[in-house]
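S.K.: First the structure, which I've put down as structure tokens, then a few questions once you've had a look.
The values are calculated or read from the model by the stated rules, or taken from the named source; none is laboratory data. Just so you know, these numbers come straight off a predicted model, no measurement behind them. Ideal geometry is used to build each Cβ from the backbone, glycine not excepted, and the neighbour counts take in all protein chains shown. These area figures cover heavy atoms from the full protein model, side chains too; ligands, DNA and RNA do not enter into them. Shrake-Rupley method; radii C 1.70, N 1.55, O 1.52, S 1.80 Å.
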Amino acid sequence: MKMKTEEDQKSQGSGDARKGRMTLVLGLVTFIAAFGSSFQYGYNVSVINSPYQFMQDFYNETYVRRYGEYMSKDLMTALWSLTVSFFPLGGFFGSLMVGPMVNTCGRKGTLLINNVFSIIPAILMGISKVAETFEVIIVCRIIIGICAGLSSNVVPMYLGEMSPKNLRGAAGVVPQLFITIGILVAQILGMRMILGSPEGWPILLGLTGVPAALQLLFLPFFPESPRYLLIQKGDEAKAKAALQRLRGWEDVEDEMEEMRLEDQAEKAEGKMSIFTLFTYRGLRWQLISIIVMMMGQQLSGVNAVYYYADIIYENAGVQKENVQFVTVGTGAVNVVMTMLAVYIVEALGRRILLLAGFGICCVACAVLTVALNLKSISGMPYVSIACVISYVTGHAIGASAVPSVMIIEMFLQSSRPAAFMVGGSVHWLSNFTVGLVFSYMEKGLGPYCFLVFCGICLATVIYIFIIVPETKNKTFMEINQSMAKRNGIDVQADKEELKDFTAVSVPYSKKNEAERNSAL
């Protein structure tokens, strides 16, 4: 009897290890989703950085041909600020579309439809110089921003729902890895000897449509999120088939049972709206935490570094002809450190990476302020570069990579789309704010503008240290139960409050419940 028990335990252990592995199908769908969507986000963050001078010359030349005079400096500053900031503004609009689209079209379906918002503007931006119109670039930056706003929320949701719990953190960081790869590729292609030239920049802008076309071609062959199929569509057969294909074996009953339990726990909840999310006490601290982390992620100044990296290096004293090489080197560091985060997020946990990441950014901003003020002293330009690289390192391992993972893990299936809408909206509005005002901040405050970012990083560190829990290796239900205690309610009270909200905001939930019961 003892021997049988030991054999059973050994079999159980090997089975658990097998169930937590990365299969070929899961690996391929992760790659296609992240490359086709997240890569574009990063690419478009950085693509106008290197050729900005040639693009501004094009704006001016077009204006002269139309009106017979050069633009004023104020008009050029305003138009370029719009070119930069309209991308995150489009991202905000895209974030508002997340909930309706993922609930109606599914996670995979939303990504496929989203490619339209990339391919069309890619073509238009590619022919903008021939058409002699700079306005189309500004408008297309909004459209491509919508694509990024959708993908930045849907890809982590899609991959997180498909992955086993021991790979969920790594899968959630993969989109951020491809964002950094996109930034690096844009920096390399934007070098003067490649496409960062008066003739090459329209091609550089148009290349963003290539990953979208590849995703549109290959993603239809991969499964939809099993959680979406079971919990929101009530189709257990399709959910099981998708899970079997993702895991690479037939026995997926344990995970199916976990999804059924989550489904049963949420039957009274229905599809949670943003209004319900803001007024429901059981998700109060989850929601506040997501808002703080997303604001901290963007208001900490990361996109100021990406959008204006060349200007920062020039102000630091780097020779103009060498700036592009330093920028590419910084992008490479970003990729390497994010790749490291994919591996260590499961080993060290989410909370420690958030604290370390924002902490490094805080110190780097403080030292960078000093170094830029003392740039006339020998060696200070190198200190400035080291600070930027340190900042990028801190952001890569924690501030950029982990908040999306936390949204996946801190919210259940029915509240997750609304949570991503809120988190994504905060993310993109903060991104828009930094992109719009940083050039003015730099002119008004000089090097001291980085002290603002330093203070934001410090405040975020303090909040995370006090409030945000560790979610590593926990099921969605376990995380939800632990957060219920933090919100000062027990599980039974949680259910009763949900019923009250459902009676007001989701009158059709009983019909959904009957359909789900018949499916089960």
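S.K.: Taking Thr77, is it in contact with a helix residue (DSSP H, G or I) (Cβ under 8 Å, 6 or more places away or on another chain), in a helix (DSSP H, G or I) and surrounded by fewer than 17 Cβ atoms within 10 Å (Cβ to Cβ)?
M.R.: The answer is yes for Thr77.
S.K.: Test Ala131 against the criterion of being at pLDDT below 95, surrounded by fewer than 16 Cβ atoms within 10 Å (Cβ to Cβ) and in contact with a Leu (Cβ under 9 Å, 6 or more places away or on another chain), and give yes or no.
M.R.: Answer is yes for this residue.
S.K.: A follow-up question, please. Residues Phe325, Phe278: which one is at pLDDT 80 or above, surrounded by fewer than 18 Cβ atoms within 10 Å (Cβ to Cβ) and closer than 30 Å to Lys443 by Cβ?
M.R.: None of the others qualify; the one that does is Phe325.
S.K.: Going through the range 42-66 one residue at a time, which ones are open to solvent by less than 10 Å² (accessible area, probe 1.4 Å), at pLDDT 90 or above and hydroxyl-bearing (Ser, Thr, Tyr)?
M.R.: Tyr43, Tyr59, Thr62
S.K.: Could you identify the single residue in Phe438, Phe501, Phe450 that is of a type outside the set (Lys, Arg) and modelled with pLDDT of 80 or more?
M.R.: Just one listed residue meets the conditions, Phe450.
S.K.: Just checking, how many residues over the range 46-99 are within 23 Å of Val426 (Cα to Cα) and among the basic types (Lys, Arg)?
M.R.: 0
S.K.: Quick check: anything in the range 135-146 closer than 20 Å to Pro417 by Cα and of a type outside the set (Asp, Glu)?
M.R.: Checked the range 135-146: at least one residue is closer than 20 Å to Pro417 by Cα and of a type outside the set (Asp, Glu).
S.K.: Look at the range 371-430 and say how many of its residues are over 16 Å from Gly301 (Cβ atoms), small (Gly, Ala, Ser) and more than 12 Å from the chain's Cα centre (by Cα).
M.R.: Within the range 371-430, residues that are over 16 Å from Gly301 (Cβ atoms), small (Gly, Ala, Ser) and more than 12 Å from the chain's Cα centre (by Cα) number 8.
S.K.: Okay, next question. Looking at the range 352-369, which of its residues are touching a residue at least 24 places away in the same chain (Cβ under 8 Å) and under 12 Å from Cys454 (Cα atoms)?
M.R.: Scanning the range 352-369 gives Phe358, Gly359, Ile360, Cys361, Cys362, Val363, Ala364, Cys365, Ala366, Leu368, Thr369.
S.K.: Sort through Phe178, Phe117 and tell me the only one that's more than 25 Å from Thr62 (Cα to Cα), in contact (Cβ under 8 Å) with a residue 24 or more places away in the chain and in contact with a Cys (Cβ under 8 Å, 6 or more places away or on another chain).
M.R.: Step by step, each of Phe178, Phe117 is checked, and only Phe117 is more than 25 Å from Thr62 (Cα to Cα), in contact (Cβ under 8 Å) with a residue 24 or more places away in the chain and in contact with a Cys (Cβ under 8 Å, 6 or more places away or on another chain).
S.K.: Can you pull out every residue in the range 328-359 that is open to solvent by 30 Å² or more (accessible area, probe 1.4 Å) and in contact with a Ser or Thr (Cβ under 6 Å, 6 or more places away or on another chain)? Break it down into steps so the answer makes sense when it comes.
M.R.: Quick first cut of the range 328-359, residues open to solvent by 30 Å² or more (accessible area, probe 1.4 Å) only: 329, 332-333, 336-337, 339-340, 343-344, 346-348, 351-352, 355-356.
Selection gives Met337 alone.
S.K.: Across the range 453-486, which residue is farthest from Ile288 (Cα to Cα) among those that are in a helix (DSSP H, G or I) and open to solvent by 70 Å² or more (accessible area, probe 1.4 Å)?
M.R.: Looking only at the range 453-486, we keep the residues that are in a helix (DSSP H, G or I), and these are 453-467, 476-486.
If we keep only those that are open to solvent by 70 Å² or more (accessible area, probe 1.4 Å) as well, we get 458, 462, 465-466, 478, 481, 485-486.
Values: Leu458: 17, Ile462: 14, Phe465: 14, Ile466: 13, Glu478: 19, Gln481: 17, Lys485: 15, Arg486: 12 Å.
For the range 453-486, the residue satisfying everything is Glu478.
S.K.: Would you confirm whether any residue within the range 195-218 is open to solvent by 30 Å² or more (accessible area, probe 1.4 Å), farther than 26 Å from Gly329 by Cβ and without any contact (Cβ under 8 Å) to a residue 60 or more places away in the chain?
M.R.: Yes: one or more hits.
S.K.: Can Ser225 be described as within 29 Å of Gly36 (Cβ to Cβ), in contact (Cβ under 8 Å) with a residue 12 or more places away in the chain, crowded, with 16+ Cβ neighbours inside 10 Å and among the polar types (S, T, N, Q)?
M.R.: Judged against the criteria, Ser225 is a match.
S.K.: So which of Pro211, Pro164, Pro198 ends up being in a loop (DSSP other than H, G, I, E, B) and under 15 Å from Thr30 (Cα atoms)? Before the answer, list the steps.
M.R.: Values: Pro211 fails: in a loop (DSSP other than H, G, I, E, B); Pro198 fails: under 15 Å from Thr30 (Cα atoms).
Residue meeting the stated conditions: Pro164.
S.K.: Next up: Say we look at the range 367-423 and pick out the residues that are small (Gly, Ala, Ser), open to solvent by 10 Å² or more (accessible area, probe 1.4 Å) and outside any loop (DSSP other than H, G, I, E, B); which of these is farthest from Thr104 (Cα to Cα)?
M.R.: Pass one, the range 367-423, residues small (Gly, Ala, Ser): 371, 376, 378-379, 384, 386, 390, 394, 396, 398-401, 404, 414-415, 418-419, 423.
Next cut, open to solvent by 10 Å² or more (accessible area, probe 1.4 Å) only: 376, 378-379, 386, 390, 400, 404, 414.
Filter once more, so that each one left must be outside any loop (DSSP other than H, G, I, E, B): 386, 390, 404.
On the way: Ala386: 47, Ser390: 42, Ser404: 22 Å.
Only one residue fits best here, namely Ala386.
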